[in-house]
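Asks: Before I ask anything, here is the structure I am working with.
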Amino acid sequence: MTTILIMEDDAGVRLPLEDLLEAHGYGVLTAENGREGIEMAKKHRPDLILSDIMMPDIDGYAAFEAIQSDPITAVIPFIFLTAKTDPGEIREGLGLGVDDYITKPFESKDLLDSVRTRLDKYERISNAALQMQENEELDQIFIKDGDNCWFVEHTQLRLLESEDNYVRFFFDDQKPLINRTLNQLEERLPRRLFFRANRKQIINLKWIQSIQPWFNSGLLVTLKDGTKVQMSRRAAQTFRAKMGI
């Protein structure tokens, strides 16, 4: 059974929503605040999350970021439910990477349509990801930025760059920003192809065009697209040993 987690502190909204979803064949989990919702998401791994924004203790934005920071729960579709109609608030939520934003009060049909659409998309993505994992020769990474999704071959991915708790991917003419840390991604990427040049950047070795000495025994790496990356002294020592130079 498809399971949906509702994170909503207002029982007047939570209980009718629970009844609506159960009446349409969904299993439902409920949480009265963001902290409880984060714990339930990690424990039960629901198929979709509906969350209010203004909640006690931990609000919806912080709950979403916490769920996104865990690779296991990051792929779960996430829909905000809120009484706020300020376009700036909506842009903030969508900018974080949430899948949809529904204002209260809402029509049952509109909510059910959004839920179905997100679940269908999640199923397609999951099936594609499963096929990718079963065929290791594909050498791809799955990237999701809001509604946009890509399966990117490792050879296309030229640079990853940290921006606070996010990482920007550079491939083709795309630059999506993903809620991950560089350390998390470094563990997933093949070391034969990717190298941690400094605290904020990982480069694709296949994209290196030239290397020259730089300050403090570091190296200045120029990629084939013209991007220049300063390699720290410690990274340069590891790089020289790795490349035999």
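Readers should treat all values here as calculations from the given coordinates under stated rules, not as data from a laboratory. It should be emphasised that the depicted structure is a prediction, and the values quoted were computed from it without experimental measurement. Glycine also receives a Cβ, built like all others from the backbone with ideal geometry; neighbour counts cover every protein chain displayed.
Asks: Provide the gained length on full extension for the span A62 to E22, in nm with one decimal, where the gain is 0.36 nm per separating residue minus the Cα-Cα distance. It would help to have the intermediate numbers written out before the result.
Replies: On the way: separation 40, 0.36 × 40 = 14.40 nm, distance 2.72 nm.
Full extension from A62 to E22 adds 11.7 nm.
Asks: Follow-up question, since we're still on this one. What is the sum of charges around S217, taking Lys and Arg as +1, Asp and Glu as -1, for the other residues whose C-beta is under 15 Å from the C-beta of S217? Intermediate results must be reported in sequence, preceding the final value.
Replies: Numbers: positive: R233, R234, R240; negative: none.
Net of charged neighbours comes to +3.
Asks: Another question, then. Using the Karplus curve 6.51 cos²θ - 1.76 cosθ + 1.60 with θ = phi - 60°, what ³J(HN,Hα) values do you get for each residue of segment 207-214, in whole Hz, with x for Gly and Pro?
Replies: 9, 6, 9, 8, 9, 9, x, 9
Asks: Turning to a different aspect of this structure: Taking the Cβ of each residue in D57, D52 as the centre, tally the other Cβ atoms inside 10 Å and list the residues starting with the fewest. Walk me through the numbers before you get to the answer.
Replies: Values: D57 12, D52 24.
Listing D57, D52 from fewest to most nearby Cβ atoms yields D57, D52.
Asks: Explain nothing, just the number: relative contact order of the chain, from Cα pairs under 8 Å at least 6 residues apart, as a whole percent.
Replies: Working: 389 pairs, mean separation 24.3, N = 245.
It comes to 10 percent, rounded to a whole number.
Asks: Extension gain N165-L119, at 0.36 nm per residue separation less the Cα-Cα distance, in nm? List each step's numbers first, then the result.
Replies: Details: separation 46, 0.36 × 46 = 16.56 nm, distance 2.69 nm.
The N165-L119 span can extend by a further 13.9 nm.
Asks: Something else: Which residues among segment 223-245 fall inside the zone where the amide N is under 11 Å from a point 7 Å beyond the Cα of T155, along Cα→Cβ?
Replies: Those under the cut-off are none; the list is empty.
Asks: Next question. Using +1 on the beta carbon of Lys and Arg, -1 on that of Asp and Glu, and nothing else charged, what's the dipole of the chain about the Cα centre, debye to 20? Intermediate values should be presented prior to the final figure.
Replies: Details: 31 positive and 40 negative charges, 424 e Å.
With only Lys, Arg, Asp and Glu charged at Cβ, the dipole is about 2040 debye.
Asks: Can you tell me the order of 193-203, 179-189, 158-168 when each peptide is scored by its average per-residue count of other Cβ atoms within 10 angstrom, highest first? Mind showing how you got there, number by number?
Replies: Numbers: 193-203: 19.5, 179-189: 15.0, 158-168: 17.1.
Put in order of decreasing packing, that is 193-203, 158-168, 179-189.
Asks: Where does the charge balance sit around E107 when Lys and Arg score +1, Asp and Glu -1, over other residues with C-beta under 15 Å from its C-beta? Let's see the in-between values first.
Replies: Numbers: positive: K104, K109, R116; negative: D100, D110, D113.
Here the charged neighbours net out to 0.
Asks: Nearest 0.05, what FRET efficiency do Q237 and R192 give at R0 = 22 Å with Cβ-Cβ as r?
Replies: Details: r = 19 Å, r/R0 = 0.86.
Using R0 = 22 Å, I get an efficiency of 0.70.
Asks: Given the pairs K104/K200; K42/K109; K42/K175; K121/K242, which span a C-alpha to C-alpha distance of over 32 angstrom in this model? Write out the running numbers ahead of the final one.
Replies: Details: K104/K200 40 Å; K42/K109 29 Å; K42/K175 29 Å; K121/K242 42 Å.
Beyond 32 Å between Cα atoms: K104/K200; K121/K242.
Asks: Still on this structure, please answer the following. Per residue, how big is the convex hull around the C-alpha atoms of the chain? Give it to me in cubic angstrom, could you? Numbers along the way, then the final one.
Replies: Numbers: hull volume 35.4 nm³, N = 245.
Considering the Cα atoms of the chain, their hull volume per residue is 144 Å³.
Asks: Taking only Cα atoms and a 10 Å spring cutoff, compute GNM fluctuations for the chain and point out the largest among A41, A235, A11.
Replies: Evaluated over the chain, the most mobile residue of the options is A11.
Asks: Right, here's the next one. Rounded to the nearest 500 deg cm²/dmol, what is the calculated helix-only ellipticity per residue at 222 nm for the chain, with -39500 (n - 2.57) per DSSP H run of length n ≥ 4?
Replies: On the way: 7 runs with 88 residues, N = 245.
The per-residue figure over the chain is -11500 deg cm²/dmol.
Asks: Shifting gears a bit: Counting DSSP beta bridges with both partners in the chain, what percentage is antiparallel, nearest 5?
Replies: For the chain, the DSSP antiparallel bridge percentage is about 65.
Asks: Just check segment 2-79 against the gyration tensor rule for me: Cα atoms, a ≥ b ≥ c as the square roots of the eigenvalues, rounded for a/c under 1.5, and otherwise prolate or oblate depending on whether a/b exceeds b/c.
Replies: Values: a/c = 2.18, a/b = 1.20, b/c = 1.81.
Cα axes put segment 2-79 in the oblate bin.
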